[in-house]
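Working notes, beginning with the structure itself.
The values are calculated or read from the model by the stated rules, or taken from the named source; none is laboratory data. Every value quoted in this text rests on a predicted model; they were computed, and no experiment measured them. Glycine also receives a Cβ, built like all others from the backbone with ideal geometry; neighbour counts cover every protein chain displayed. All accessible areas refer to the heavy atoms of the entire protein, side chains included, with ligands and DNA or RNA removed. Shrake-Rupley method; radii C 1.70, N 1.55, O 1.52, S 1.80 Å.
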Amino acid sequence: MSNKYKDIDPQETKEWLESIEDALENHGYERTRHLLETLIRFSQKKGARLPFNTNTPFLNTILPGQQPEYPGDRTIERAVKSIVRWNAMAMVVKANKETPGIGGHISTYASAATLYEVAFNHVFKGPNHENGQDLIFFQGHASPGIYSRAYVEWRLTKENLHNFRRDLSKGGGLSSYPHPYLMPDFWQFATVSMGLGPIMAIYQARFMRYMINRGLMKETGRKVFAYLGDGEMDEPESVGALTLASRESLDNLVFVVNCNLQRLDGPVRGNSKVIQELEGSFRGAGWNVIKVIWGSDWDELIENDMSGLLLKRLEEVVDGDLLKYVVMGGAYIREHFFGKYPELLEMVKDLSDDDLANMNLGGHDPVKMFAAYNEAINHQGAPTVILARTIKGYGLGEAGEGRNITHNQKKLNEEELLYFRDRFNLDFTDENAMKAPFYRFDKNSKEYKYITEKRKTLGGSLPVRQDNSPSLQVPPVTIFKELLDGTGEREISTTMAFVRLITILSKDKSIGRHVVPIIPDEARTFGMDPLFRQLGIYASKGQLYDPVDSEQFLYYKEAKSGQILEEGINEAGAISSFNAAATSYSNHGIKMIPFYIYYSMFGFQRVWDFIWAAGDMRARGFLLGGTAGRTTLNGEGLQHQDGHSHLAAAATPNIKAYDLSYAYEISIVIHHGMKEMCEQDQDVVYYLTLENENYKHPPLPKGVDKDIIKGLYKMRSTEKPTVRLLGSGPLMGEVLAAADLLKNDWGIEPGIWNVTSFSELRREAEEVERWNLIHPDKKPKQSHLEKRLSTHKVPTVAVSDYVKMVSEQISPYVPGKYYALGTDGFGRSETRENLRQFFEVDRYYIVLTAIRALAIEGKVEISKADEAIKKYNIDPEKPSPITV
Ligand SMILES: Cc1ncc(C[n+]2csc(CCOP(=O)(O)OP(=O)(O)O)c2C)c(N)n1
Ligand SMILES: [Mg+2]
């Protein structure tokens with residue numbers, strides 16, 4: 001300790017401490033806190049520069065005297081917990097015995113069993129609770145324990161447990177992790193991609209408040225619980241939105257961090273203390289932090305630590321030491337932990353080595369955990385995090401308890417199975433135990449009656465996922481008449497058309513209130529600011545200030561009942577809001593229609609993992625990639641110009657992706673999507689790319705509605721086309737211009753098609769192909785492409801503002817040779833015209849490609865291609881856009 005902090009007057013220090021002790025004894029914690037805070041503020045005002053410290057001592061937050069009476073029967077609960085532990089272990093061991101390498105995690109649930117069991121018996125509200133169901137984000141790798149609990153509650157069968165990680169088994173498999181897509185009646189939230197759970201839980205809690213504040217849902221005290229790994233907290237997403245939760249006073253949110261101090265390869269923080277670090281982060285972010293480090297066995301020692309030496313020692317050791325103590329046993333703990341100071345050795349002289357080894361930790365002590373839950377769910381004004389100290393692989397002994405290998409432990413030998421049995425006093429013969437049987441109490445047993453009674457009181461079993469949401473009546477498509485009729489001479493962008501659409505939609509009597517516009521700080525870019533005034537921006541506190549633009553008609557209007565979720569520069573948060581709104585039909589029984597509009601470059605490539613989780617969670621909604629297209633967005637350059645999000649979208653099974661040219665296409669596609677989501681209960685997400693190039697929009701041609709949805713419709717008819725041009729999105733304009741050049745300069749009349757979705761066309765064609773493959777004796781079916789495009793083997797030239805692979809998706813299904821033009825390579829800031837020339841997608845390249853294609857077919861002389869190059873000043877020495 002430097003001289004600076006040396007106690008130069010211990011007597012004076014003692015007097016101050018006595019005063020505080022007096023205050024504590026006579027006036028309690030609140031008063032003491034007030035006095036201390038006043039002193040701190042006073043000294044700061046007088047110039048004292050006090051160090052910033054967000055930590056409390058390395059002790060439990062709740063003192064023994066503050067613990068409520070335990071509300072359950074500890075003996076029965078322990079018996080149940082032991083069996084749940086056993087089955088969870090047996091599931092993984094059996095699965096890997098039968099199918100080596102199938103995986104599964106034993107040690108995560110082993111560490112978390114008490115966290116869950118206390119909550120199942122005393123905390124979690126189920127679906128029939130009068131106040132509604134709590135929402136629980138289970139730690140993904142703890143799934144075996146959650147299945148085991150459901151089995152012990154007689155919700156799953158032995159066969160189900162046998163089929164853990166065998167999704168395809170006939171008898172009903174259990175998914176490796178929480179996957180609502182695979183188990184739609186069971187899991188609610190996809191959590192196993194680490195970091196997504198915590199931020200999605202925060203935004204879920206915030207979305208519940210949004211629903212309540214907008215009058216769509218009642219406040220009934222439902223909570224959101226998120227169970228997280230301490231290693232998982234290293235994900236930036238895990239901690240990135242902590243301040244949102246406190247800023248929004250989300251006291252409906254409880255994080256439980258399972259602090260077993262280990263992740264997969266080793267300690268989370270070998271050289272320091274993860275619990276203290278997390279406490280600092282959460283307290284600094286304004287959360288209520290409850291540390292549950294030490295079990296009841298430690299109470300007496302800590303209470304008797306008058307000198308503070310035990311605390312000093314606890315604070316000295318690092319997590320690496322704490323882990324070693326778990327593995328090495330009592331004698332080692334005595335020597336290395338207590339042995340550092342003779343006074344500490346004296347404190348434990350009456351405890352045996354076994355006593356020392358068995359002193360329980362907070363996260364394994366139901367009394368401590370219940371006290372924490374009780375405080376967490378009653379805390380007001382801020383979210384709570386419970387930091388619970390546990391042991392990874394608890395009960396595995398030599399097989400991996402607390403050891404670095406524990407996360408990968410999938411098999412136990414016979415000796416280890418017997419050890420596990422003895423550790424939890426299970427009633428199996430040696431012979432039986434060695435077979436790792438599944439066990440549950442019969443329905444007349446006191447244990448079964450106890451847990452079912454507890455669950456009944458709390459509103460039924462969990463986890464459970466339901467969909468009780470009533471349909472929403474989607475208005476007829478004519479509501480978008482002005483868009484269907486075209487813009488006449490007016491030039492607008494597809495983004496503007498969409499903004500008009502959402503304005504009309506949000507005024508609709510039947511579904512307007514269910515529209516959730518979500519935007520990360522780009523509303524003005526997209527021309528959406530008129531919506532600020534019309535719908536209001538959601539703000540739980542309303543608007544406490546007079547906005548700078550309040551004099552203007554379209555001012556920045558925040559309101560408690562605001563409809564727009566303006567998320568700021570925060571794509572991960574915005575997509576988490578999308579996921580909450582898009583699953584509202586199931587989590588809240590109310591269908592909502594989210595429209596998440598963002599800079600398309602910061603969509604798939606930034607938050608694809610969340611979009612994937614949306615698919616897993618059976619989301620329904622619209623993603624809108626704004627200012628899309630590598631050459632259509634011109635000035636922004638390399639890191640803004642999206643030319644590939646459609647590849648990602650095409651690979652995401654639940655996404656229907658469209659690259660649209662005209663206002664009527666947007667209307668038809670969105671209307672169709674809403675029907676699927678709101679009337680037909682289909683779990684689909686639509687992805688539309690929207691652009692900022694202004695042009696005239698024609699009226700909806702007759703009879704093409706269905707083709708627009710299918711992905712391709714005819715733009716211009718020609719008698720006998722010798723070449724086909726396929727255009728998509730904003731490049732339709734170049735295709736139409738190229739068609740004119742072909743006709744006027746070369747006397748060639750192409751057939752012209754508008755492709756609204758390459759990926760939908762490919763999917764349908766593949767499905768047809770697959771059907772034909774496995775039904776060789778039946779009359780082959782025809783794909784939309786085959787039906788619409790003539791079977792003539794004329795060449796096809798396809799162009800989009802995306803990489804060539806986007807339009808190449810359909811090439812195997814298009815008769816004749818297929819030439820794709822696209823925007824492969826890094827973007828540039830330039831004029832639109834120059835960019836299209838640079839990427840070789842402009843009208844001249846389209847014409848050249850068509851002429852050369854016809855020359856290859858022998859339909860025109862190859863010299864025509866040379867002529868075209870000269871005529872249109874195409875530079876043959878121009879380097880390829882991919883290489884420069
Ligand atoms: C994004 C992501 N990266 C990596 C993994 C692989 N993984 C599975 S478990 C695990 C370690 C988990 O440690 P922790 O969060 O401390 O949980 P514990 O099992 O210790 O409770 C890792 C890295 C994953 N599931 N998700
Ligand atoms: Mg861990």
| query | Quick one: accessible area per residue over region 409-500, 1.4 Å probe, rounded to a whole number of Å²? | reply | 56
| remark: Listed by chain and number, the aspartates and glutamates with an alpha carbon less than 16 angstrom from that of residue 158, same-chain partners under 8 positions apart left out, are 98, 167, 442
| Can you list residues whose amide H is under 5 Å from residue 626's amide H, if they're 5+ apart or on another chain and H is modeled 1.01 Å from N? | 598, 599, 600, 690
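Length gain on complete extension for the stretch residue 706 to residue 15, per 0.36 nm per residue less the alpha carbon to alpha carbon distance?
Numbers: separation 691, 0.36 × 691 = 248.76 nm, distance 8.48 nm.
Separation in residues times 0.36 nm, less the Cα-Cα distance, equals 240.3 nm.
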| task | Would you mind getting me the FRET efficiency between residue 415 and residue 130? Use the beta-carbon distance for r and R0 = 45 Å, nearest 0.05. | result | 0.35
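Taking loop as defined by DSSP and a crowding limit of 11 other beta carbons within 10 Å, which chymotrypsin sites (Phe, Trp or Tyr not before Pro) in region 808-884 fit? Write down the numbers at each step before the final one.
On the way: sites: 813, 818, 819, 826, 838, 839, 844, 845, 872; in loops: 826, 839, 872.
Hits after loop and neighbour filter: nothing returned.
Please report the antiparallel percentage of DSSP beta bridges with both residues in the chain, rounded to the nearest 5. Write down the numbers at each step before the final one.
Values: 8 of 65 bridges.
Bridges in the chain are about 10 percent antiparallel.
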| Do any GluC sites (Glu not before Pro) in region 1-87 lie in a loop, going by DSSP, with at most 13 other beta-carbon atoms within 10 Å of their beta carbon, and if so which? | 69
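Enter the accessible area per residue of region 241-363 (Å², integer; probe 1.4 Å; all protein chains in place). Could the numbers behind the result be given before it?
Values: 5100 Å² over 123 residues.
Ligands and nucleic acids excluded, the figure is 41 Å² per residue.
Listed highest first by mean packing, meaning other Cβ atoms within 10 Å per residue, what order do 499-510, 659-670, 38-49, 573-584 come in? Can you show the working numbers first?
Values: 499-510: 17.2, 659-670: 26.3, 38-49: 9.5, 573-584: 28.7.
Going from most to least packed, we get 573-584, 659-670, 499-510, 38-49.
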| field | Potential extension, residue 44-residue 466 segment - 0.36 nm per residue separation minus Cα distance | value | 146.5 nm
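With a 1.4 Å probe and every protein chain kept in, tell me what percent of the accessible surface of the chain is carbon plus sulfur.
Carbon with sulfur: 50 percent of the solvent-accessible area.
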| query | Using 7 Å Cα-to-Cβ label points, what is the residue 265/residue 608 separation (nm, one decimal)? | reply | 2.4
| Contour minus end-to-end for residue 490 and residue 432, with contour as 0.36 nm per residue of separation and end-to-end as the Cα-Cα distance? | 12.8 nm
| message | Distance between the C-alpha centers of region 39-91 and region 385-425? Whole Å please. | response | 23
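If R₀ is 25 angstrom, what is the calculated FRET efficiency for the pair residue 508 and residue 181, using the beta carbon separation as r and rounding to 0.05? Let's see the in-between values first.
Numbers: r = 31 Å, r/R0 = 1.22.
It comes to 0.25.
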| request: Treat each spin label as a single point 7 Å out from the Cα along the C-beta direction, and report the residue 167 to residue 34 distance in nm. | output: 5.8
| query | Say the cut-off is 18 Å between C-alpha atoms; which of 714/778; 509/675; 720/864; 218/456; 793/859; 223/560 go over it? | reply | 714/778; 720/864; 218/456; 223/560
| field | Proximal lysines relative to residue 312, as straight alpha-carbon distance under 20 Å, when same-chain residues fewer than 8 apart are discounted | value | 4, 6, 14, 273, 291, 324, 340, 349
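Would you mind getting the accessible area per residue of region 707-751, heavy atoms of the protein chains only, 1.4 Å probe, in Å²?
Heavy-atom accessible area per residue stands at 38 Å².
For Cα pairs less than 8 Å apart in space and 6+ apart in sequence, what is the mean separation divided by the residue count of the chain, i.e. the relative contact order in percent?
Working: 1661 pairs, mean separation 96.3, N = 884.
Relative contact order comes out at 11 percent.
What trypsin sites (Lys or Arg not before Pro) does region 756-838 have in DSSP loop regions with at most 15 other beta carbons within 10 Å?
The qualifying sites are 778, 781, 793, 817.
Output the relative contact order of region 437-528, whole-number percent, from Cα pairs under 8 angstrom with separation of 6+ residues. Could the numbers behind the result be given before it?
Working: 35 pairs, mean separation 20.7, N = 92.
Reported relative contact order: 23 percent.
I need the calculated FRET efficiency for the pair residue 877 and residue 830, taking r as the beta carbon distance and R₀ as 22 Å, to the nearest 0.05. Mind dumping the intermediate values first?
Values: r = 19 Å, r/R0 = 0.88.
Efficiency for this residue pair is about 0.70.
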